[in-house]
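Peer 1: What follows is a structure written as structure tokens; I'll ask about it next.
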Amino acid sequence: MKEIMAVIRQSRVKQTMEALVAIGVTSVTLHSLNGRGRQGGNIMECVDPLMSADVECVSKIYKFPTPSSMAGASKLTKPVFWVPKSLLDIVVSEVPAEKVVEAIMSVNRTGSKGDGKIFVLPIVDAMRIRTGERGDAAII
Amino acid sequence: MKIVRAIIRPEKEDDVVLALEGAGFPAMTKAHVFGRGKQKGLQVGPIHYDLLPKVLLLLVVNDGDVEKVMSVVADNSKTGFIGDGKIFISDVEMAYTVRTGEGL
């Protein structure tokens, strides 16, 4: 059993669901949450469209220029920046995890930053509450 | 790779996120959740609060960075009172970047 956690763009959720149904994955848990990636948020669009890209990192606690460090430079008050994302939680046993990952990636790839991440985690046990079935039988 | 799930006080969220960013971990996911712990919520006089608002931070880091992330989160979210939160660590088998399709 494997759990696939996919953090994707909110606008691609519907297409992703259709692609998952096509490979036989019907049970999905959807969370709406906020995320930030290696860029620490969306610097140029969310913070200040007039700010130049090469602002010097003024604060000493930051090693990298991120929106938070640049917020001090441009006298912005809110220092932490988040991008709305959707998290899909899928637990599979019969369908291989690689197939699910490929399906999600083929739908969500736009080639620009913010396409998201997919994590594959091991699941130790599962239980269907209605019947009390354990293990693989709980998921099929 | 490990996934770090940190449940912290909402008012400490900015402190923790800025400290993690300063330590070189800018990438994370945040969710506003409700939870309760060993004390089964909070009793203030006659009023009982069952589920208390918390912030859940999700970070996936390399095995060697787990201790560092845990100490950064713990140092910045600690108040010493009940309700400071928990940190959970689990295994991650694979991680993919959707934009490039490569496994990390």
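Peer 1: Could you tell me whether B:His48 is of a type outside the set (S, T, N, Q) and over 22 Å from A:Asp89 (Cβ atoms)?
Peer 2: Here the answer is yes, as B:His48 does meet what is asked.
Peer 1: What are the pairs, 6+ residues apart or on separate chains, where a residue within the stretch B:1-15 that is of a type in the set (Lys, Arg) has its Cβ under 8 Å from a residue that is part of a loop (DSSP other than H, G, I, E, B)?
Peer 2: B:Lys2/B:Asn62; B:Lys2/B:Val92; B:Arg9/B:Thr79; B:Arg9/B:Gly83; B:Arg9/B:Asp84; B:Arg9/B:Gly85; B:Lys12/B:Thr79
Peer 1: Please count how many residues of the stretch A:101-126 are surrounded by fewer than 16 Cβ atoms within 10 Å (Cβ to Cβ), within 18 Å of B:Ile3 (Cβ to Cβ) and within 9 Å of chain B (Cβ to nearest Cβ).
Peer 2: Here the count works out to 1.
Peer 1: Let me ask another. Just checking, which of B:Ser71, B:Ser77 is more than 30 Å from A:Met105 (Cα to Cα), in contact with a Lys or Arg (Cβ under 7 Å, 6 or more places away or on another chain) and among the polar types (S, T, N, Q)?
Peer 2: Only one candidate passes the filter, namely B:Ser77.
Peer 1: Additional query: Any chance the stretch A:43-56 includes a residue that's within 12 Å of another protein chain (Cβ to nearest Cβ), at pLDDT below 90 and closer than 25 Å to B:Gly101 by Cβ?
Peer 2: Looking for residues that are within 12 Å of another protein chain (Cβ to nearest Cβ), at pLDDT below 90 and closer than 25 Å to B:Gly101 by Cβ, one finds at least one in the stretch A:43-56, hence yes.
Peer 1: Same structure again: Consider B:Asp15 carefully, then state whether it is surrounded by 15 or more Cβ atoms within 10 Å (Cβ to Cβ), more than 20 Å from B:Leu104 (Cα to Cα) and either out of contact with any Gly (no Cβ under 9 Å at 6 or more places or on another chain) or not polar (S, T, N, Q) (or both).
Peer 2: Judged against the criteria, B:Asp15 is a match.
Peer 1: Could you tell me which residue of the stretch A:1-34 is nearest to the other protein chains (Cβ to nearest Cβ), considering only residues that are hydroxyl-bearing (Ser, Thr, Tyr), outside any strand (DSSP E or B) and touching a residue at least 12 places away in the same chain (Cβ under 8 Å)?
Peer 2: Among those residues, the one meeting the criterion is A:Thr16.
Peer 1: Continuing with this model, one more query. Test each condition in (1) away from chain A (no Cβ under 11 Å); (2) in contact with a helix residue (DSSP H, G or I) (Cβ under 8 Å, 6 or more places away or on another chain) for B:Leu20 and report the one that comes out false.
Peer 2: Of the numbered conditions (1) away from chain A (no Cβ under 11 Å); (2) in contact with a helix residue (DSSP H, G or I) (Cβ under 8 Å, 6 or more places away or on another chain), the odd one out for B:Leu20 is (1).
The values are calculated or read from the model by the stated rules, or taken from the named source; none is laboratory data. Predicted model only: the values in this text are computed from it and were never measured. FYI the Cβ positions are ideal-geometry reconstructions off the backbone, even for glycines, and counts take in every protein chain you see.
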